[in-house]
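Q: Take a look at the following structure, please.
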2 protein chains.
Amino acid sequence: MNAPLPSHVLPPMERRPVPAAMHEALKARFGERCSAALAVREQHGRDESPFDVAPPDLVVYCESTEDVAFVVQQADAHAVPVIPFGVGSSLEGHLLAVQGGVSIDLSRMQKIVSLEPDDLTVTVQPGVTRTQLNNEIRHSGLFFPIDPGADASLGGMTATRASGTNAVRYGTMRENVLGLTVVTPQGEVIRAGTRARKSSAGYDLTRLMVGSEGTLGVMTEITLRLYPLPEAVLAAVCTFPSVDAAVRTTIQIIQLGVPIARCELLDANTVRAVNLRDKLGLTEAPMLLMEFHGSEAGVAEQSATVQAIADELGGQGFEWATTPEARTRLWAARHHAYLSALQTKPGCRAVTTDTCVPISRLADCINESVAEVDASGLSYFLVGHVGDGNFHMGYLVDPNVPAERELAEQLNHQLVQRALKVGGTCTGEHGVGLHKMGFLVEETGEGAVSMMKTLKRALDPKNIMNPGKIFS
Amino acid sequence: MNAPLPSHVLPPMERRPVPAAMHEALKARFGERCSAALAVREQHGRDESPFDVAPPDLVVYCESTEDVAFVVQQADAHAVPVIPFGVGSSLEGHLLAVQGGVSIDLSRMQKIVSLEPDDLTVTVQPGVTRTQLNNEIRHSGLFFPIDPGADASLGGMTATRASGTNAVRYGTMRENVLGLTVVTPQGEVIRAGTRARKSSAGYDLTRLMVGSEGTLGVMTEITLRLYPLPEAVLAAVCTFPSVDAAVRTTIQIIQLGVPIARCELLDANTVRAVNLRDKLGLTEAPMLLMEFHGSEAGVAEQSATVQAIADELGGQGFEWATTPEARTRLWAARHHAYLSALQTKPGCRAVTTDTCVPISRLADCINESVAEVDASGLSYFLVGHVGDGNFHMGYLVDPNVPAERELAEQLNHQLVQRALKVGGTCTGEHGVGLHKMGFLVEETGEGAVSMMKTLKRALDPKNIMNPGKIFS
């Protein structure tokens, strides 16, 4: 433990307030869509992280690429920070206006720009949420699989390189964003990528923007890959005598190459929490929630293979769900895990970890991390996209008790170091934000971070795009 | 047709020769591994493109990351170009030393650095070829699927964002490179990415390097995803009354979501050429070569679906191959297509196109391009990774007849414009190199190319890394 622990006290940074001339220009164009009201600013100065609120000076509700370009041109002219904002479900402090400036609210940019079912592609505005997208394209027989749990905006999901429950089969935002319209830090509009499934046309600007956390530009249109709704979908739940047994089952599923679509771990604490909130009546033991996509025969074959593996490792009480309603009940357990866990300790906030490790090391990493938190006495829950080697400990801390925050961060740091030692990453899907800057350096080294800073300086020399995030 | 046609006459560029002090320093460290012999230099100044040879001043055979770092540090100190070289199978002039300098031959860096079968990962040096890799890991029950046809080096495949026959199911180098060791243009060694399957840790330096064609650094270690060898593999060939019918069959396969592993088109010209060279005795008609991976039952189900689609569109003479030997015979047709076609016109070179379009537009694009080349009277062949929407026309030109080159480039340009109009790309997998700079601007616009140039200038301010490629 060489690096200092991450802290939830905001780092002291110089604010760069919006000058009067810029405020007037924005007011003139946007009228009531430009707000300086404290309640609005505070709502845009927080996310789901345990950080204190850091409100922007102004919030502008944009409705088009041209709106966004106008705001960024103003910000460029006055060297004022801008922060793209979707639905506020980030977990790492991405949205906090630590240097002041303008929050660009994209939640009204909710149009499906174009849908090409015959090409399995769709182009959306960044404020479209994943649930909205799937509702609006259902008639086409297609779906967009990336599901980070929260009903996040697709802009936010792109900005954090999100993934979630279906990534084990369908990949992450990295694999599923085909192209982007981007407003550059100079307020110019460029297009990266095409609707073709692959391309070798120059530097991969699309992938550079995916995961850049709003620090290199504002994405205003996003072209995504879609998939045919599978002929058959089968969900299953199975409990295990230990977290270890559940994880070892997962490892074998992946090593055998079973094309499982979802493979999620919930520990007993999490199951207890969702039972309490949603009256699900699930057995309160470590659990795998799985889903199989394919033909009727393929799904039957996959699930039989998995059941055989689980049986050998003590899996019990297999419960199958083939109807959408039964599947919804099972997946409610996973989707409500975060909120349910928060409710078990009133007033708490969660410090969530996000390591992702090579699959063979997952059991050891989880077992050691569970032993540590059990020994610490801190309340926690554990969920995992275990098919990817990704899991989240949620340490439940009282925000008014600094010792709890500190303990959580110490456990988090130990967990990250364990993951890095076996070739893993400090963040599988949440991003770096304000919280993991130290971890990023530990993971990738000063050299790689220095290259990232060079890229940032080159594209955004005035440091106006979400400054103070990813690296200091 | 506003942009000038691409030309195979090398653009006039100022050479930046290796100064004596640098030559001596390289001689001192590398001895006979540093060569100025004309034959060696000429061998390193060409690739499979129709460009004339442009030899480097020196060729250095590197055997380690430290060797590469030493050469690049020297190049940085003296502002001399360096060009990474694998096996020389590029198609777009990537390897030509248009400004002189040093060719860094990586073909002796042929070690498997580490294999972690339980994690489905491997780390290789850049000179390992795809065939070597698959031979060396076969004992593990795993394989690396990316197959661009040529037995390319994995360094070259990474640098061009290659894909090939298996991409429809397994993705391209973009999806399958997990991490990299890179020597930066300043001769520093950095590490990008981890062995975890996904990550949100900062800018995606891995994806920025993948497809950068040697212009941003030299990759000296590459960490790749592997896959379990499928339980069952079934290859099939089927002929069609027209190219159109073969392509429409493909479109339906993709739109239905059949998880086909390979779906390759060969036109009658190509089949005729491979029959002539390899005595394969295949029916000389437009043909789909397909492969299915999965369980025995899954493969049977997929192939039945595909056969039903093909039957409706006039597919005939289905031939199945389940043994490795029978599959090898079928795939020989695809893998020898390029060389076989070249042999039909002695002394010719091929101008190959590489557009990739959204799947529903593939039939129209191919049909119009075939009609055009038929009308032109130029010899050609047509192959396609049609499952991805990617196809290659190979226009066979006599390099001594400028009118043939010009005609080929005119047809290529018309084909690219057709692809761009429907949302496609000018290059699905070969890269830009010297050849497609104009196309890149047409495709993505001045704004995006200007962003690429900004990135290049920031990382390589002395413009020593493979200068003169991708953009001028």
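Q: Among the numbered criteria (1) more than 14 Å from chain A (Cβ to nearest Cβ); (2) more than 22 Å from the chain's Cα centre (by Cα), which one does residue B:232 miss?
A: (1)
Q: Starting from the range A:435-447, keep only residues that are more than 9 Å from chain B (Cβ to nearest Cβ) and touching a residue at least 40 places away in the same chain (Cβ under 8 Å), then list their pairs with residues that are polar (S, T, N, Q) and part of a helix (DSSP H, G or I) whose Cβ atoms are within a distance under 8 Å, requiring at least 6 positions of separation or different chains.
A: A:442/A:417
Q: Identify the residue in the range B:98-112 that is within 18 Å of residue B:217 (Cβ to Cβ) and aliphatic (A, V, I, L, M) and, among all such residues, is farthest from the chain's Cα centre (by Cα). Outline the logic, then answer.
A: We begin by selecting, within the range B:98-112, every residue within 18 Å of residue B:217 (Cβ to Cβ); these are B:99, B:101-106, B:109.
Checking which are aliphatic (A, V, I, L, M) leaves us with B:102, B:104, B:106, B:109.
Working: B:102: 23, B:104: 19, B:106: 17, B:109: 20 Å.
Checking each candidate, the answer is B:102.
Q: Kindly list, by first and then second residue, each pair from a residue in the range B:344-357 that is within 14 Å of chain A (Cβ to nearest Cβ) and crowded, with 24+ Cβ neighbours inside 10 Å to a residue that is of a type in the set (S, T, N, Q) and assigned to a loop (DSSP other than H, G, I, E, B), limited to pairs with Cβ atoms under 9 Å and residues at least 6 apart or on different chains.
A: Partner pairs satisfying both residue conditions: B:354/A:200; B:356/A:194; B:356/A:199; B:356/A:200; B:357/A:194.
Q: For the range A:409-419, does any single residue satisfy the condition of being part of a helix (DSSP H, G or I), away from every other protein chain (no Cβ under 14 Å) and within 18 Å of residue A:47 (Cβ to Cβ)?
A: Among the residues of the range A:409-419, at least one is part of a helix (DSSP H, G or I), away from every other protein chain (no Cβ under 14 Å) and within 18 Å of residue A:47 (Cβ to Cβ), which makes the answer yes.
Q: Among residues belonging to the range A:195-206 that are out of contact with any helix residue (DSSP H, G or I) (no Cβ under 7 Å at 6 or more places or on another chain) and not aliphatic (A, V, I, L, M), point out the one that is surrounded by the fewest Cβ atoms within 10 Å (Cβ to Cβ).
A: A:206
Q: Could I ask something else about it? Among the residues of the range B:394-411, is there at least one that is within 22 Å of residue B:157 (Cβ to Cβ) and either of a type outside the set (A, V, I, L, M) or assigned by TED's automatic domain parsing to the domain that holds residue B:285 (or both)? Outline the logic, then answer.
A: Residues of the range B:394-411 within 22 Å of residue B:157 (Cβ to Cβ): B:394.
Now restrict to residues that are either of a type outside the set (A, V, I, L, M) or assigned by TED's automatic domain parsing to the domain that holds residue B:285 (or both): B:394.
Checked the range B:394-411: at least one residue is within 22 Å of residue B:157 (Cβ to Cβ) and either of a type outside the set (A, V, I, L, M) or assigned by TED's automatic domain parsing to the domain that holds residue B:285 (or both).
Q: Considering only the range B:156-165, state which residues are within 11 Å of chain A (Cβ to nearest Cβ), within 20 Å of residue B:336 (Cβ to Cβ) and among the hydroxyl-bearing types (Ser, Thr, Tyr).
A: B:163
Q: Now for a separate question. Mind checking which residues of the range A:166-217 are touching a Phe, Trp or Tyr at 6+ places or on another chain (Cβ under 9 Å), facing chain B (nearest Cβ under 7 Å) and of a type in the set (Ser, Thr, Tyr)?
A: Correct list: A:212 only.
Q: When you look at residue B:393, is it crowded, with 24+ Cβ neighbours inside 10 Å, more than 12 Å from every other protein chain (Cβ to nearest Cβ) and of a type in the set (A, V, I, L, M), yes or no? Full working, then the answer.
A: Numbers: crowded, with 24+ Cβ neighbours inside 10 Å: yes; more than 12 Å from every other protein chain (Cβ to nearest Cβ): yes; of a type in the set (A, V, I, L, M): yes.
It is true that residue B:393 is crowded, with 24+ Cβ neighbours inside 10 Å, more than 12 Å from every other protein chain (Cβ to nearest Cβ) and of a type in the set (A, V, I, L, M).
Q: Here is a list: A:223, A:250. Which entry is buried (at least 20 other Cβ atoms within 10 Å of the Cβ) and facing chain B (nearest Cβ under 9 Å)? Lay out the reasoning, then the answer.
A: Details: A:250 fails: facing chain B (nearest Cβ under 9 Å).
Only one candidate passes the filter, namely A:223.
Q: Is it the case that some residue within the range A:259-267 is within 27 Å of residue A:395 (Cα to Cα), of a type in the set (A, V, I, L, M) and under 24 Å from the mean Cα position of the chain (by Cα)?
A: Going through the range A:259-267, the residues within 27 Å of residue A:395 (Cα to Cα) turn out to be A:262-267.
Still in the running and of a type in the set (A, V, I, L, M): A:265-266.
Going one step further and asking which of them are under 24 Å from the mean Cα position of the chain (by Cα), we end up with A:265-266.
Within the range A:259-267, one or more residues are within 27 Å of residue A:395 (Cα to Cα), of a type in the set (A, V, I, L, M) and under 24 Å from the mean Cα position of the chain (by Cα).
Q: In addition: Can you work out which of the residues in the range B:408-457 that are of a type in the set (Ser, Thr, Tyr) and within 21 Å of the chain's Cα centre (by Cα) is farthest from residue B:376 (Cα to Cα)?
A: Here is the first cut: in the range B:408-457, the ones of a type in the set (Ser, Thr, Tyr) are B:425, B:427, B:444, B:450, B:454.
Next, only the ones that are within 21 Å of the chain's Cα centre (by Cα) stay: B:425, B:427, B:444.
On the way: B:425: 24, B:427: 23, B:444: 29 Å.
Residue satisfying both the conditions and the ranking: B:444.
Q: To continue, here is another question. Looking only at the range B:16-24, decide whether some residue is without any contact (Cβ under 8 Å) to a residue 40 or more places away in the chain and of a type outside the set (Asp, Glu). Lay out the reasoning, then the answer.
A: Of the range B:16-24, the ones without any contact (Cβ under 8 Å) to a residue 40 or more places away in the chain are B:20, B:23-24.
Checking which are of a type outside the set (Asp, Glu) leaves us with B:20, B:23.
There is at least one residue in the range B:16-24 that is without any contact (Cβ under 8 Å) to a residue 40 or more places away in the chain and of a type outside the set (Asp, Glu).
Q: Could you tell me whether residue A:374 is modelled with pLDDT of 95 or more and surrounded by fewer than 20 Cβ atoms within 10 Å (Cβ to Cβ)? Let's see the steps before the verdict.
A: Details: modelled with pLDDT of 95 or more: yes; surrounded by fewer than 20 Cβ atoms within 10 Å (Cβ to Cβ): yes.
Spelling it out, residue A:374 is indeed modelled with pLDDT of 95 or more and surrounded by fewer than 20 Cβ atoms within 10 Å (Cβ to Cβ).
Q: Counting only residues that are crowded, with 19+ Cβ neighbours inside 10 Å and among the β-branched types (Val, Ile, Thr), which one in the range B:261-308 is nearest to the other protein chains (Cβ to nearest Cβ)? Outline the logic, then answer.
A: First, the residues of the range B:261-308 that are crowded, with 19+ Cβ neighbours inside 10 Å: B:261-267, B:269-271, B:273-274, B:282, B:285-295, B:298-299, B:301-303, B:306.
Now drop any that are not among the β-branched types (Val, Ile, Thr), which leaves B:270-271, B:274, B:299, B:306.
Numbers: B:270: 22, B:271: 25, B:274: 25, B:299: 10, B:306: 13 Å.
Selected residue: B:299.
Q: Just to be sure I understand, how many residues within the range A:460-472 are surrounded by 21 or more Cβ atoms within 10 Å (Cβ to Cβ) and facing another protein chain (nearest Cβ under 8 Å)? Walk me through it before giving the result.
A: Initially, the range A:460-472 is screened for residues surrounded by 21 or more Cβ atoms within 10 Å (Cβ to Cβ), giving A:464-470.
Then drop every residue that is not facing another protein chain (nearest Cβ under 8 Å), which leaves A:470.
The number of residues fulfilling the criteria is 1.
Q: Okay, moving on. Anything in the range B:408-433 that is surrounded by fewer than 20 Cβ atoms within 10 Å (Cβ to Cβ) and of a type outside the set (A, V, I, L, M, F, W, C)? List them, or say none.
A: B:410, B:414, B:417, B:418, B:421 - these are the residues of the range B:408-433 that are surrounded by fewer than 20 Cβ atoms within 10 Å (Cβ to Cβ) and of a type outside the set (A, V, I, L, M, F, W, C).
Q: Another question, then. Looking at the range A:116-134, can you tell me whether even one residue there is under 18 Å from the mean Cα position of the chain (by Cα), more than 11 Å from every other protein chain (Cβ to nearest Cβ) and surrounded by fewer than 16 Cβ atoms within 10 Å (Cβ to Cβ)?
A: The answer is yes, given that some residue of the range A:116-134 is under 18 Å from the mean Cα position of the chain (by Cα), more than 11 Å from every other protein chain (Cβ to nearest Cβ) and surrounded by fewer than 16 Cβ atoms within 10 Å (Cβ to Cβ).
Okay, residues lined up against (1) closer than 22 Å to residue B:158 by Cβ; (2) modelled with pLDDT under 95; (3) surrounded by fewer than 19 Cβ atoms within 10 Å (Cβ to Cβ):
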residue: B:13; (1), (2), (3): no, yes, yes
residue: B:57; (1), (2), (3): no, no, no
residue: B:94; (1), (2), (3): yes, no, no
residue: B:100; (1), (2), (3): no, no, no
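Q: Assess whether residue A:77 counts as being out of contact with any strand residue (DSSP E or B) (no Cβ under 7 Å at 6 or more places or on another chain) and surrounded by fewer than 22 Cβ atoms within 10 Å (Cβ to Cβ). Outline the logic, then answer.
A: Values: out of contact with any strand residue (DSSP E or B) (no Cβ under 7 Å at 6 or more places or on another chain): yes; surrounded by fewer than 22 Cβ atoms within 10 Å (Cβ to Cβ): yes.
For residue A:77, the condition - out of contact with any strand residue (DSSP E or B) (no Cβ under 7 Å at 6 or more places or on another chain) and surrounded by fewer than 22 Cβ atoms within 10 Å (Cβ to Cβ) - is met.
Q: Residue check: is residue A:175 under 21 Å from the mean Cα position of the chain (by Cα) and acidic (Asp, Glu)?
A: Numbers: under 21 Å from the mean Cα position of the chain (by Cα): yes; acidic (Asp, Glu): yes.
Spelling it out, residue A:175 is indeed under 21 Å from the mean Cα position of the chain (by Cα) and acidic (Asp, Glu).
The values are calculated or read from the model by the stated rules, or taken from the named source; none is laboratory data. These numbers come from a predicted model, not from an experiment. Note: ideal-geometry Cβ built from the backbone for every residue, glycine included; neighbour counts use all protein chains shown.
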